[in-house]
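Derivation of every value follows stated rules applied to the coordinates shown; laboratory data play no part. Everything numeric here is computed off the predicted structure, so don't read it as measured data. Glycine gets a Cβ as well: all are built from the backbone with ideal geometry, and neighbour counts include every protein chain shown.
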Amino acid sequence: MKSHERTLTVNRAFVFAALIVLSLVFAFPFLWILSTALKPLDETMRDPPVWIPTKFMWGNFWDAIKYGSETLHYIPFLVYAMNTVLLCVLVVAGTVASNSLVAYSFARLRWPGRDFAFAVTLATMMVPFPVLMVPTFALFRWLDWIGTYRPLWVPAWFGSAFSIFLLRQFFRTLPFELSEAAKIDGASEWRIFRDVIIPLSKPAMAVVALFAFMGVWNDFLGPLIYLLDQKMFTLSLGLQFYQSQNGGTTWNLLMAASTIVIAPVIILFFFTQRLFIQGIALTGLKG
Amino acid sequence: MTLITRQQARAGFAFASPWLVGFCVFLAYPVLASIYFSFCDYSVLKAPVFIGADNYKELWGDEVFWTAIKNTLVYAAMALPTGMLTALILAMLLNAKVKGMPFFRTIFFIPALVPQVSLAVLWLWILNGEHGILNNLLNPILHGVSRVGNLGVTVLNLVPFHHTYDMLDLQGPNWLGSPAWSKPSMVVLGVWGVGNAMLIYLASLQDVPTELVEAADLDGASSWQKTLNVTIPMISPVILFNMIMGIIGTLQVFTVPYIMFPNGDPARSTYFYTEYLYDNAFKYHRMGYASAMGWILFVMILILTFVSIRFSERHVHYQGG
């Protein structure tokens, strides 16, 4: 048994070494953007590369934020950030409200055709966005919504298959005796939903909200199709415009701007890590 | 029907109503309309005109369409196995009971959170031809490799063959500028963002019953044998799941190449399917043509999904199933 234990220790040491090397590789791009973001412009292009800026240019972040404000007479980065936050609020609110109602119906109410409707709902996750892209655009054009935010947030208030699925799985784990007890006390389905189920489902709803937030924050194709006025752009759209506007790209400012776009997501992740990981694991396991 | 069940049915429909409306308006209608549009000449500005299968016939002879398909499939064939393998290896390393697992898990996962646009911009900078840091790191290594290799070449050239071998001078590739390396550079970037798949693997690895692994241990199985004969079969449904998600994702790749390689440069090597579809719809206003492309994509995804399920049937092991 001794030699067996020794191989185990050797294995473990090997795994640990591999993890350290790989984590350096994975962390490197982040360290490199941060280093670039803090450099004066001429140090970004030096050969051999400057690893640590000789002078930390914290002002780069402010320069990146107000980039383009002289010609446009407003600060584009702040405007884009406000637009993105506004969209996030509308989409997250809609996603949580609509999907929890729908998922409750699928998970805990009996109605004719329910299981068939749920199967169809799951099947719709297979439909790729490019198939829907053209008719949805035509629909919003007919409604005269092109160039407004409505195509980007109104659909969120009508449910989405993925969130319905996630919340339904969770609602089904709550004991049915709770609903029965409330029913005996004469509570309506709405009361049961609001006073019994919702208070117990905060973690699951937080997961759905988190995914919805990430979806909006990262979305590029949606705003690209529907937004026309530069003043209405979101951050992910703005960042691209930002880069092409710079003929000889000022990499330090671009990296500073990217850091500011990436940072909120990472900070959010640190506060919600456990929820996040459970949510993602759930998508793979209960499929 | 009793009063109670009728009441519940009414409540059920009421609660589900947002989705019943949303499904009809934002899914069922677009799916049906897009079938119809794919048989139409449609520019959005004017009403669609039915033209039969002309869009599909034209696509058949459209060289750019075939280039886009080829690019997309080649990219998927490179990115899918690389990404799946990386995710699985990372998950297995994390599943070994070593200290600091939450720390490593966080490091490997965080790149998956980076918005696609920032991801593209960031890697443009890392892979940059002149000032890119990746080549700056690679070149000294490749230089060393060349020198060692040249020892061999020198020895070889001492032997009086009728052919003398050239000295090696390996250098980091022109990641963004050469058609041969543009897709691999996207694969590199994709490997960096495998966090989601990794977490899904990790969760399933943690569900593998320890009794099974211990039983294999008692039978004197090596770690490699245990991995191959116990762990992999136990998580095979999740491997299939990640593979299908990967197929769906890679075939629709859009944002990263759209930003990293404007116009599909170099030499159209990064002009992908969804980009051509987008250009047809919103640049050339050929909505009917784009709809036809959408349906072909859908059918390709369905076929590949079906094929992977069929071919994996004998290898996928469902617990208690």
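Might you report the magnitude of the Cβ-based charge dipole of the stretch A:2-64 about its Cα centre, with Lys and Arg at +1 and Asp and Glu at -1, to the nearest 20 debye? Don't skip to the answer; put the middle values down first.
Values: 6 positive and 5 negative charges, 89 e Å.
Roughly 420 debye, rounded to the nearest 20.
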Mean-square fluctuation check for chain B, GNM, Cα pairs under 10 Å: which of B:MET198, B:MET260, B:MET92 is largest? B:MET92
Using a cut-off of 26 Å between alpha-carbon atoms, which lysines can reach A:LYS39, once sequence neighbours fewer than 8 places away in the same chain are excluded? A:LYS55, A:LYS66
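What's the exposure ranking of B:HIS317, B:HIS131, B:HIS163, going from fewest to most Cβ atoms within 10 Å?
Numbers: B:HIS317 12, B:HIS131 16, B:HIS163 6.
The order, fewest Cβ neighbours first, is B:HIS163, B:HIS317, B:HIS131.
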Chain B, Gaussian network, Cα under 10 Å: of B:ASP62, B:ASP166, B:ASP265, the residue fluctuating most is B:ASP166
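A:LYS55 to A:ILE198: extension gain in nm, 0.36 nm per residue of separation minus the Cα-Cα distance?
Details: separation 143, 0.36 × 143 = 51.48 nm, distance 5.21 nm.
Length difference between fully extended and current span is 46.3 nm.
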Of the candidates A:PRO53, A:PRO128, A:PRO203, which one comes out as most mobile in a Gaussian network treatment of chain A with C-alpha springs shorter than 10 Å? A:PRO128
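Arrange the following residues from fewest to most other Cβ atoms within 10 Å of their Cβ: B:TYR318, A:TYR67, B:TYR165. Please report the intermediate quantities before stating the final value.
On the way: B:TYR318 7, A:TYR67 20, B:TYR165 13.
Ordered from fewest to most neighbouring Cβ atoms within 10 Å, B:TYR318, A:TYR67, B:TYR165 come out as B:TYR318, B:TYR165, A:TYR67.
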Taking amide H positions as placed 1.01 Å from N in the peptide plane, with prolines and chain starts having none, which residues 5 or more places from B:CYS40, or on another chain, fall under 5 Å of its amide H? B:ILE51
Tally Lys and Arg at +1 and Asp and Glu at -1 over the other residues with C-beta under 10 Å from the C-beta of A:VAL50: what net charge comes out? -1
Within-15-Å neighbourhood charge of B:PRO179 [Cβ basis; K, R +1; D, E -1]: +2
Using θ = phi - 60° and the Karplus form 6.51 cos²θ - 1.76 cosθ + 1.60, what ³J(HN,Hα) does each residue of the stretch B:44-56 get, whole Hz, x for Gly and Pro? 6, 6, 10, 4, x, 10, 5, 10, x, 8, 4, 4, 5
Mind checking the dipole of chain A: about its Cα centre, +1 per Lys or Arg Cβ, -1 per Asp or Glu Cβ, Debye to the nearest 20? 720
Just to be sure I understand the model, the point goes 7 Å from the Cα along the line to the Cβ. What's the resulting A:LYS183 to A:ALA206 distance in nm? 3.1
Testing the spin-label approximation: label points 7 Å from Cα along Cα→Cβ at B:GLU58 and B:LEU170. State their distance in nm. 4.9
Distance (nanometres) between label positions extended 7 Å along Cα→Cβ at B:VAL49 and B:VAL159: 7.2
Net charge contributed by nearby residues that have their C-beta within less than 11 Å of B:VAL253 (K/R +1, D/E -1): 0
For the residues B:THR274, A:THR173, what sequence is obtained by ranking on other C-beta atoms within 10 Å, fewest first? A:THR173, B:THR274
State the Cα centre-to-centre distance between the stretch A:106-168 and the stretch B:58-123 in whole Å. 27
In the protein assembly as shown, taking the dipole from +1 charges on Lys and Arg beta carbons and -1 charges on Asp and Glu beta carbons about the Cα centre, the listed residue (B:GLN7, B:ALA267, B:MET243) farthest towards the positive end is B:GLN7
J(HN,Hα) series, the stretch B:246-259, from Karplus relation 6.51 cos²θ - 1.76 cosθ + 1.60, nearest Hz, glycine and proline x: x, 4, 4, x, 5, 5, 9, 3, 9, 4, 4, x, 4, 8
Round to a whole angstrom and tell me the spacing of the C-alpha centers of the stretch A:170-208 and the stretch A:14-48. 48
Once phi for every residue in the stretch A:139-156 is put through the Karplus expression 6.51 cos²θ - 1.76 cosθ + 1.60 (θ = phi - 60°), the whole-Hz ³J(HN,Hα) values, with Gly and Pro written as x, are 4, 5, 5, 5, 7, 6, 9, 5, x, 10, 7, 4, x, 8, 10, 4, x, 4
